[in-house]
Amino acid sequence: MEEKIRKLKELVDSSQSIVFFGGAGVSTESGIPDFRSTDGLYHQEWKFSPETILSHTFYECNPEEFFRFYRAKMLAPDAQPNDAHRKLAEWEQQGKLKAVITQNIDGLHQKAGSRNVLELHGSVLRNFCERCGRFYDVEFILKGSGVPHCECGGRVKPDVVLYEEGLDQNTIERSVRAISEADVLIIGGTSLNVYPAAGLINYYRGNKLVLINKSAVARDLAANLVITDPIGEVLSQI
C-alpha cells in the first residue's frame, strides 16, 4: 500500500492536467450508500427495485411512489464532504486538477470547494417545474409531501437523469474534451457498470491511468496503478 501511495503521489506531483472520474464510492465515506455494494440501495427492502423506481416510466406512471422513495433514499442534506472531495478541491485550487466528472448527484464536490464539476447524472440540489421552468431547491422537496407542484400548477421534477433518459449533450462534450486532454486520469469509487457514462473513459489518450476502487470493476482497464482501498483513505495520504 505504501508503495502504491508513493507512486500516486509522484503522478500527482508531476502533473498539471489531472481529470477525476468518479462514482458512488466517492460518497460512501460521507454516509451516502452506493447502489451495488452489499450495503447499497439495491440490497435494501422496497416494494419495487430502485432501478425500477428511478426510471422515467415509473416517474410518469407512479409519481407518488417515486417521490416517497426519492425523499427517503436519495436525499442526504446533512452529508458532508470527505477526504476525497476535499483533496480533489485542493488539487483544483493548486491548478493541477482540471475537472471532476461525477456520476453522483449529491453536490458534495461543490460543497468541498470544487468549481469545475461535470455532473453526468444531474443533482438533487436542483429541481424544476415541468410547466414554467421555475427553479426549486432541495429544501422545497424535503419539506413537502406527495408529488411537489409549482405555484403555476406544474409538477416539479428533480434535475437528475432517470433510467431511460439521455445525458445532457453539453456535459458529455465537456467531459470528453477534459478526458481527452488529461495527462493523468484518476478513476475512483465506481464499478464502471453504468453506461453511457462509463464509456467516456475510452477517450483518454494518455498513459497515466489510475484506478482506485474497493472492488473489481466491470471491465478490463490497462491501468498503470490500481489501488483497492477506500478512496478517501487513499487520497488523504497524498
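The values are calculated or read from the model by the stated rules, or taken from the named source; none is laboratory data. Predicted model only: the values in this text are computed from it and were never measured. In this analysis, Cβ positions are derived from the backbone assuming ideal geometry, glycine residues included, and neighbour counts consider all displayed protein chains. Only protein heavy atoms, including side chains, enter the accessible area calculation; ligands, DNA and RNA are left aside. Shrake-Rupley method; radii C 1.70, N 1.55, O 1.52, S 1.80 Å.
Counting just the Cα atoms, what span does region 94-238 cover along each of its three principal axes? Round to the nearest Å and put the largest first.
54, 31, 29
Please build a GNM for the chain, connecting alpha carbons under 10 Å apart, and tell me which residue among TYR163, TYR204, TYR195 fluctuates the most.
Looking only at TYR163, TYR204, TYR195, the biggest GNM fluctuation is shown by TYR195.
Given Cβ point charges of +1 (Lys, Arg) and -1 (Asp, Glu) and nothing else, what value in debye, to the nearest 20, does the dipole of region 145-238 about its Cα centre take?
Details: 8 positive and 11 negative charges, 32 e Å.
Computed about the Cα centre, the dipole is about 160 debye.
Which one, GLY189, ILE141, LEU11, projects farthest toward the positive side of the charge dipole computed for the chain from Cβ point charges (K/R +1, D/E -1)?
The residue sitting most towards the positive pole is LEU11.
Leaving ligands, DNA and RNA out of it, rank ASP83, ASP34 by accessible area with a 1.4 Å probe, largest first.
Numbers: ASP83 65, ASP34 30 Å².
Ranked from most to least accessible, the order is ASP83, ASP34.
For a quick check of your reading of the filter: which chymotrypsin sites (Phe, Trp or Tyr not before Pro) in region 44-86 sit in a DSSP loop and have no more than 16 other Cβ atoms within 10 Å? Please report the intermediate quantities before stating the final value.
On the way: sites: TRP46, PHE48, PHE58, TYR59, PHE66, PHE67, PHE69, TYR70; in loops: TRP46, PHE48.
Qualifying residues, ordered by number: TRP46, PHE48.
Using Cα pairs under 8 angstrom and six or more residues apart, how large is the relative contact order of region 127-238, in percent? Working shown, then result.
On the way: 137 pairs, mean separation 20.1, N = 112.
Relative contact order for region 127-238 comes out at 18 percent.
Using a 1.4 Å probe on the protein heavy atoms, what percent of the accessible area of region 27-173 belongs to carbon and sulfur? If you can, show how the numbers build up before the last one.
Details: 3480 of 7290 Å².
Reported share for carbon and sulfur atoms: 48 percent.
Using the Kirkwood formula on the Cα atoms of region 46-99, what hydrodynamic radius do you get, in angstrom to one decimal?
13.8
When ligands, DNA and RNA are left out and all protein chains stay put, how many square angstrom of accessible area per residue does region 91-238 have with a 1.4 Å probe? Can you show the working numbers first?
Details: 6920 Å² over 148 residues.
Spelled out: the 1.4 Å probe surface of region 91-238, per residue, equals 47 Å².
Compute the distance from the alpha-carbon center of region 50-95 to that of region 157-227, in whole Å.
About 18 Å separates the Cα centre of region 50-95 from the one of region 157-227.
Please list the radius of gyration and Dmax for region 23-171, considering alpha-carbon atoms only, with Å as the unit.
Final numbers for Rg and Dmax: 15.8, 48 Å.
Highest GNM mean-square fluctuation, the chain, Cα pairs closer than 10 Å: which of ALA112, ALA89, ALA222?
ALA222
Rounded to the nearest 10 degrees, what's the angle between the helix 83-93 long axis and the longest principal axis of the chain, both from Cα atoms, 0 to 90?
Result, in degrees: 70.
On average, how much area does the Cα convex hull of region 159-238 cover when viewed from any direction, in nm²?
On the way: hull surface 24.6 nm².
Over every viewing direction, the Cα hull of region 159-238 projects on average to 6.2 nm².
Would you mind checking the tilt of helix 169-181 against the longest principal axis of the Cα atoms of the chain, expressed as 0 to 90 degrees and rounded to 10?
For helix 169-181, the angle is close to 10 degrees.
How large is the charge dipole for the chain, taken about the Cα centre, if only the Cβ atoms of Lys, Arg (+1) and Asp, Glu (-1) carry charge, to the nearest 20 debye? Present the calculation step by step, with values, prior to reporting the outcome.
Values: 27 positive and 32 negative charges, 71 e Å.
Approximately 340 debye in magnitude.
Using only Cα atoms and rounding to the nearest 10 degrees, what angle (0 to 90) does helix 2-13 make with the longest principal axis of the chain?
Roughly 80 degrees between the two axes.
Count the lysine pairs in region 33-161 that are 8 or more places apart or on different chains: how many have C-alpha atoms under 28 angstrom apart?
For region 33-161, the number of qualifying lysine pairs is 15.
Where a Cα-Cα gap under 15 Å defines reach, which aspartates and glutamates qualify for LYS208, not counting those fewer than 8 residues away within the same chain?
Straight-line reach from LYS208, under 15 Å: GLU10, ASP13, GLU181, ASP183.
Which of GLY153, GLY31, ALA112 sits closest to the plus end of the dipole of the chain, meaning its Cα is farthest towards the positive end, when Lys and Arg get +1 and Asp and Glu get -1 on the C-beta?
ALA112
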